[in-house]
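The values are calculated or read from the model by the stated rules, or taken from the named source; none is laboratory data. Predicted model only: the values in this text are computed from it and were never measured. Neighbour counts are summed over all protein chains in view; Cβ atoms, including those assigned to glycine, are modelled from backbone coordinates with ideal geometry. Surface accessibility is based on the protein's heavy atoms, side chains included, excluding ligands, DNA and RNA. Shrake-Rupley method; radii C 1.70, N 1.55, O 1.52, S 1.80 Å.
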Amino acid sequence: MKLTQADFEARRLKLAHTIGPNSIVIIGTNPVCYRNSDVDYKYRADSSFYYLTGFQEPEAIAVIETSDTSGEYKYTLFCRERNLEMEIWNGYRAGLEGAKTLFNADESYVLESFEEKIVDKLSHAEKLYFRVGHDSDFDAYLANIIQKNNLTLTPLQLDSIVDEMRLIKSEKEIALMRKAAEISAIAHTKAMENVRIGMMEYELEAELHYIFGKNGCVPAYGSIVGSGSNGCILHYVENNKKMEDGQLVLIDAGCEYEYYASDITRTFPVNGVFSKEQRIIYQLILDAQLAAIDAVRIGNSYRKPHDIVVRILTQGLLELGLLQGHLDDLIADEEYRRFYMHGTGHWLGLDVHDVGAYKTSEGSRCFENGMVITIEPGVYISPTDKTVHAKWRGIGIRIEDDILVTAQGPQVLTENVVKEIDDIESLIKSAAI
Ligand code: GLY
Ligand code: MN
Ligand code: MN
């Protein structure tokens, strides 16, 4: 299933209703990012721009205007003209006609005429919504246009409105995210099946990316394949070490399917069997994760899973002698942060760390139907931490799943990849035969 123009149009209509009459929205997409001589980084449109337009080409600005009658809106797309010479080199362009026929724009113009056209549009509007602070050059450019032309407009933050829309996923978005999660689960399963002592971390990364690519996906973020104490480096992306007997390997990787992200972490033994210490820490984290997932319910604060994780991990670390003191003091003083220094989850959607406020004027946000959040506790024991027994040092474990909030309770979109110790060991063992 793919999103259609009707979906993007419905989003624009909803936005138009939210901003009310005599308002104008201006939103641009991402620039092309230069890599080196004649080579650019693979292009990806800005998520909020894509959310409202479905338009994936660079060099584009969308304008949505409401009139004083409200309800109706006009959609203008500024984009690149067709240019057969450039298209031979760089690919197809929708052009000004395509902006209307394929992307449902009411008007379309080349970017070069943006200033002239926007002055006219702004002169009829009372409120201007744009992404204040998103691109300082564009902010200055708009401010200059407003000043130069003596326009009297109230500038307002667009992101807060679009972010709220993006936070609650539609049925179609959920279907796309489910698909992304399923593909990532297959990739993680393949990685577990293929792990061998002496393999390089990047070989496992290649297994994951092969599955992503075979299914029309790209990585949603830099894949992490960290063996041994590399698992303690939260954003380890070198993925260039040999995986040794006795080590765990932590894989944090997820694909992006039709622009929608997934985000999975699994940690498993390179030789297929958890050591005693690895097993103890792993089970502690898994217990914390399962309890936290169970708290992803409508009406619960988004902080509740984190508070649950912190309490279970701190209690466990205390019992193991990795922390000393009283449970409540260790929590109040955040002593657990020596071993667990990140949050327990984030919204997931078009971005891996998706938009949406975590706090509202009433305090911490509560879960609502259609939100998707990751739950990703971990424990990272530095290889150089002389305050703990040597047997614990260098263990880095995280377990991460993607959870959809539903009226029936938490739904784990990434459930197809095993995480119980016995299941992981059996999978690796049976694949090695
Ligand atoms: N993969 C990024 C994260 O887990 O937040
Ligand atoms: Mn995550
Ligand atoms: Mn992750």
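In order along segment 62-67, the phi-based Karplus estimate (6.51 cos²θ - 1.76 cosθ + 1.60, θ = phi - 60°) of 3J(HN,Hα) comes to 9, 10, 10, 10, 10, 9 Hz; Gly and Pro are listed as x. Charge tally for LEU153 (other residues, Cβ to Cβ under 12 Å; Lys, Arg +1; Asp, Glu -1): +1. Distances between placed amide hydrogens fall under 5 Å for SER227 paired with LEU250, all partners being 5 or more residues away or on another chain.
Think of a 1.4 Å ball rolled over the protein heavy atoms: segment 79-202 then has 53 Å² of accessible area per residue. Heavy-atom accessible area for GLU171, with the other protein chains in place and a 1.4 Å probe, reaches approximately 150 Å².
For segment 79-125, trypsin sites (Lys or Arg not before Pro) are listed when DSSP marks them as loop and at most 15 other Cβ atoms sit within 10 Å of their Cβ; the list is ARG82. Over the chain, the reciprocal of the mean inverse Cα-Cα separation, the Kirkwood hydrodynamic radius, stands at 23.8 Å.
Summing Cβ point charges (Lys, Arg +1; Asp, Glu -1) relative to the Cα centre of the chain gives a dipole of roughly 580 debye.
Of GLU207, GLU425, GLU112, GLU97, the residue with the largest accessible area leads and the full order is GLU112, GLU97, GLU207, GLU425 (1.4 Å probe).
Counted by Cβ distance under 12 Å from LEU318, the other residues give a net charge of -3, where Lys and Arg count +1 and Asp and Glu count -1. Unpaired cysteine residues in the chain (no second Cys Cβ under 4.7 Å): CYS33, CYS79, CYS232, CYS366. Of the residues SER37, LEU84, PRO58, the one whose Cα sits farthest toward the positive end of the charge dipole of segment 31-91, with +1 on the Cβ of Lys and Arg and -1 on the Cβ of Asp and Glu, is SER37.
Net charge in the neighbourhood of GLY409 (other residues with Cβ under 10 Å of its Cβ; Lys, Arg +1, Asp, Glu -1) is 0. Couplings 3J(HN,Hα) for segment 27-36, derived from phi with the Karplus relation 6.51 cos²θ - 1.76 cosθ + 1.60 (θ = phi - 60°), are 9, x, 9, 6, x, 6, 10, 6, 9, 6 Hz, where x marks Gly and Pro. Rolled with a 1.4 Å probe across the full set of protein chains, the surface gives PHE103 an accessible area near 40 Å². A 1.4 Å probe over all protein chains sorts ARG393, ARG338 by accessible area into ARG338, ARG393, starting with the largest. Phi angles across segment 12-18 convert, under the Karplus curve 6.51 cos²θ - 1.76 cosθ + 1.60 with θ = phi - 60°, into 3J(HN,Hα) values of 5, 5, 4, 4, 4, 5, 5 Hz, Gly and Pro given as x.
The number of Lys pairs in segment 165-316 with C-alpha atoms less than 22 Å apart, excluding pairs fewer than 8 positions apart on the same chain, is 7.
Would segment 376-433 count as rounded, prolate or oblate if I go by the C-alpha gyration tensor, calling it rounded below 1.5 in a/c and otherwise prolate when a/b exceeds b/c, oblate otherwise? Note, shape of segment 376-433 comes out oblate. Ordered from largest to smallest accessible area (heavy atoms of protein chains, 1.4 Å probe), the residues HIS188, HIS124 come out as HIS124, HIS188.
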